[in-house]
Amino acid sequence: MTRTSKTSRSKMIWKTRYSHTSLWAGTGALEKVLKPLCSSIGYLEGDEATLSAVYACFLFIAHHLKSVSDSTLEGLGVDRLSMLDFVHVRLKTIVSSVHVLAFVTDPLFYDMRLNLARRYGQEFLNLGSEVGLFTQCRDALERIAGNDDELRAILAEQFAYFLAMRMEQTLFANVKHFKPWLIWAQVDDANLCHLARVLVQVHSNPSSAVGGERNHKTNSRVHSKQRIRLGEERCQRQVAIAFNAGQLERVLQKRREEPFLIHIANIGSECAEGISSGNPPATGDDLEDASDVPEDEFRIVEDPSCILDQYLGDVDDVEEIIGQGVVYRSQMT
């Protein structure tokens, strides 16, 4: 067989394999299932992510899997219940009762919690846990109180008072887009004073181990003798110092205005409106098209590591991929 014949045959095989409709249909279905997961990972690895957003992102992913059409899952050869079980198992390795407490006491996710409970039932909010959502919050408060029986009783009473409040009639509804520790720092209600002091500390924690390391260990790691000795290349030292300088100069936002976060905070609103108006709740692909914020506008949070772009080159032509645990966002249109 001549070289020309081999080339023609290879082109024919490539054209037959990669132009087949089923291949791209499966790729599109996989993208539809995994895109919320990638967006959640990208947001939680950023500086602006809050502790309460961790549990909210898991609820968002579970809601998305419940909303994906059966035809999409069949095209991938996966089962809906198996996917949800995977989310529940992964949740147990990451989330603690403190994450649940942060989620419940964050005013931004108040509507999300009520809408999902109305849509799927209160048990859905437990994400596979045998312990109820509010019970986990009380367990977290007991751990925070420690051996102080008086404080434990006060926190339990004030938490019950908070749950009995209607958010629409309080300050929380007007300032819910602020960072949660800033909201609770302004609470001067005598019925919530002890709980507020505790929640300011809870919500001030970073959302992940990545955030904790970035906040507390970057300086010593970059400037240590071991780091300089291992990084013999001058460019590597410059990049490390430039990144550290960006970390020191960063200023965190007081408000939460990221389109992705606003989107997940409003999850379930369409269902609530449909039920209240007498219309059946939307299902399948209808829920995916009902979002006020297009998925293409989801922005991975601003990361101080952008200062490294001058060293790493242009990434405008890179598609959205996941590699080495980092989400890269394409700017292709």
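None of the figures in this text is laboratory data; all of them are computed from the coordinates on show. Fair warning: this is a prediction, and the values are worked out from it, not measured in the lab. Using ideal geometry, Cβ is built from the backbone for each residue, glycine included, and neighbour counts are taken over all protein chains shown.
How charged is the neighbourhood of R80? Take every other residue with its Cβ under 11 Å from the Cβ of R80, and add Lys/Arg as +1 and Asp/Glu as -1.
-3
Apply the Karplus parameterisation 6.51 cos²θ - 1.76 cosθ + 1.60, with θ equal to phi minus 60°, to every residue of the range 50-66 and state each ³J(HN,Hα) to the nearest whole Hz, in sequence, with x for glycine and proline.
9, 4, 5, 5, 4, 5, 5, 5, 5, 5, 4, 5, 5, 4, 5, 5, 6
Amide H to amide H under 5 Å from F178: which residues, 5+ apart in sequence or cross-chain, H placed 1.01 Å off N in plane?
For F178, the qualifying residues are R256.
Calculate the FRET efficiency for D79 and E130 from the Cβ-Cβ distance with a Förster distance of 22 Å, rounded to the nearest 0.05.
With R0 = 22 Å, the Cβ-Cβ based efficiency is 0.50.
Set the Förster radius R0 to 35 Å, insert the Cβ-Cβ distance between D148 and E31 as r into 1/(1 + (r/R0)^6), and round the FRET efficiency to 0.05.
It comes out at approximately 0.10.
Shape verdict for the range 111-164, please, from the Cα gyration tensor: rounded (a/c under 1.5), prolate (a/b greater than b/c) or oblate.
Oblate, because a/c is 1.5 or more while a/b does not exceed b/c.
Of K35/K176; K32/K254; K66/K92, which sit over 23 Å apart, Cα to Cα?
K35/K176; K32/K254
Below 11 angstrom from the Cβ of V98, what's the summed charge of the other residues (Lys, Arg +1; Asp, Glu -1)?
Net local charge, V98 excluded: 0.
Taking the Cβ of A56 as the centre, find all other residues whose Cβ is under 10 Å away and add up their charges (Lys, Arg: +1; Asp, Glu: -1).
Residues close to A56 contribute a combined charge of 0.
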